[in-house]
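J.: Quick one: the structure is below, questions incoming.
The values are calculated or read from the model by the stated rules, or taken from the named source; none is laboratory data. Not measured: the values here are computed from a predicted model. Cβ placement follows ideal geometry from the backbone for every residue including glycine, while neighbour counts extend to all protein chains displayed. The area values use the complete protein model at the heavy-atom level, side chains included, leaving out ligands, DNA and RNA. Shrake-Rupley method; radii C 1.70, N 1.55, O 1.52, S 1.80 Å.
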Amino acid sequence: MKSDLDRRRWPVTSLCVLRDALAARQVDIAPYLAAAGLPAALLSDPAAEVLASAELRVISAMLGDLGDPPGLGLHVGQYYRVAAYGVWGFALLASATLRGALTLGLEYQDLTYSVMPIAFTDQGEGSAVSFDDRDLPAPLRRYMVERDIAAARRIAIDLWGEPPLCRAARFRFAEPAGLAPLYEAALQCEVTFGAEANELLYDRADLDRPLPQANPVVAALHVEACHERLRRLRGQDPFVEQVTACILARPGHFPDLPAVAAEMRLSERSLRRRLAEAGIGYRDLVARLRHDLAIDMLTETGMAVEAVAERLGYAETASFTHAFRRWTGQSPSRFSGRRTPPGQ
């Protein structure tokens, strides 16, 4: 875990959120910063960044001092308002629906403060946002899962302007004795412990309600900012270029991570780790490749939208059109038409 996070950086904003949440409980963050080798003045510089591994050291020191009280992560997570995430948060805020915001957010999850893989899937009883804590050090798991689930709930409230309906929350860890009501009150839904996965469950219909601040033009601007930030993170890392070449080896087919790992003769864990060291996740890399290729094919080759969708590995043109709207705020046909030189 440590090797994955020693190169990943994010704004000091996340530590500022932790500072404010602790202050509400009359707890000073300064000793925990010192234990992690970070100066207290760091939190006074809004442009400062911190390594993810350093923030985890702060959290470890805090949990060691406070005794890892159940529910602490729920308290801290509620302080992660959507604005704390910068351009990523603003892109979500301008999305058309919560489903669209979740899909977009997970395409760029490397721009969040989470150290767990997050997924969004449709299940028989609804749609689930899941948080995989299995690679986290055991002493951090409960706090980090509590924090990220509470933060996801807080973000959904910010996006909707009111608490959206949540069918249930599930945690892999056992119920802290007699504290189920604390979790239910914080998440405003039924809570299950000892589950197979850490999840927030929503009814599908609720995810498709329009968001009050939806604005496709504004969303596209922030998506582009997210794209540029990921591009800077990716840089020209030779390993990322090798993975990119492997992904693009078969036009019209975008392989999943296990297939690329097998092609490169790496374990899936090694592929994830080395991409994390380069500052990008596999999902984000594929999303950005599709974005760049779509723009190029629509503006440079004159290909039909259906052909572009097929070349990018989409089973249906409608799925590609939906993704393209998230990226640019326009349909592919309109985007292509507006960029066609006069007389052609």
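J.: Starting from the 7 Å offset along Cα-to-Cβ, what nm value, one decimal, do you get for the label separation of Ala245 and Val27?
T.: Roughly 4.9 nm, to one decimal.
J.: Over segment 87-183, consider all pairs of different Cα atoms and compute the Kirkwood hydrodynamic radius from their mean reciprocal separation; express it in Å, one decimal. Each step should come with its number before you reach the end.
T.: Working: mean 1/r = 0.0686 Å⁻¹.
Taking the inverse mean of 1/r over all distinct Cα pairs, segment 87-183 comes out at 14.6 Å.
J.: Only bridges whose two residues both fall in the chain count here: according to DSSP, what percent of them are antiparallel, nearest 5? It would help to have the intermediate numbers written out before the result.
T.: Working: 18 of 21 bridges.
Percentage antiparallel, nearest 5: 85.
J.: Same structure again: Counting pairs of alpha carbon atoms under 8 Å apart in space and at least six apart in sequence, what relative contact order in percent does segment 123-262 give?
T.: Working: 123 pairs, mean separation 35.0, N = 140.
It rounds to 25 percent for segment 123-262.
J.: So for the chain, taking the charge dipole from beta-carbon charges (+1 Lys/Arg, -1 Asp/Glu), which of Leu200, Leu72, Ser333 sits furthest toward the positive end?
T.: Going by the Cα projections, it comes out as Ser333.
J.: With +1 assigned to the C-beta of every Lys and Arg and -1 to the C-beta of every Asp and Glu, and no other charges, what is the dipole magnitude of the chain about the Cα centre in debye, to the nearest 20? Let's see the in-between values first.
T.: Values: 39 positive and 43 negative charges, 116 e Å.
Computed about the Cα centre, the dipole is about 560 debye.
J.: Which percent of the accessible heavy-atom area of segment 96-182 goes to carbon and sulfur, probe 1.4 angstrom?
T.: 56
J.: Can I ask one more? How much area per residue is accessible in segment 65-187 when the probe is 1.4 Å and only protein heavy atoms are counted (Å²)? Don't jump to the answer; show the numbers that get you there.
T.: Values: 4340 Å² over 123 residues.
Result: 35 Å² per residue.
J.: Of the listed peptides 264-271, 212-219, 84-91, 286-293, what is their order by residue-averaged count of other C-beta atoms within 10 Å, with the highest listed first?
T.: On the way: 264-271: 13.6, 212-219: 15.6, 84-91: 21.4, 286-293: 18.9.
Ranking the peptides 264-271, 212-219, 84-91, 286-293 by packing returns 84-91, 286-293, 212-219, 264-271.
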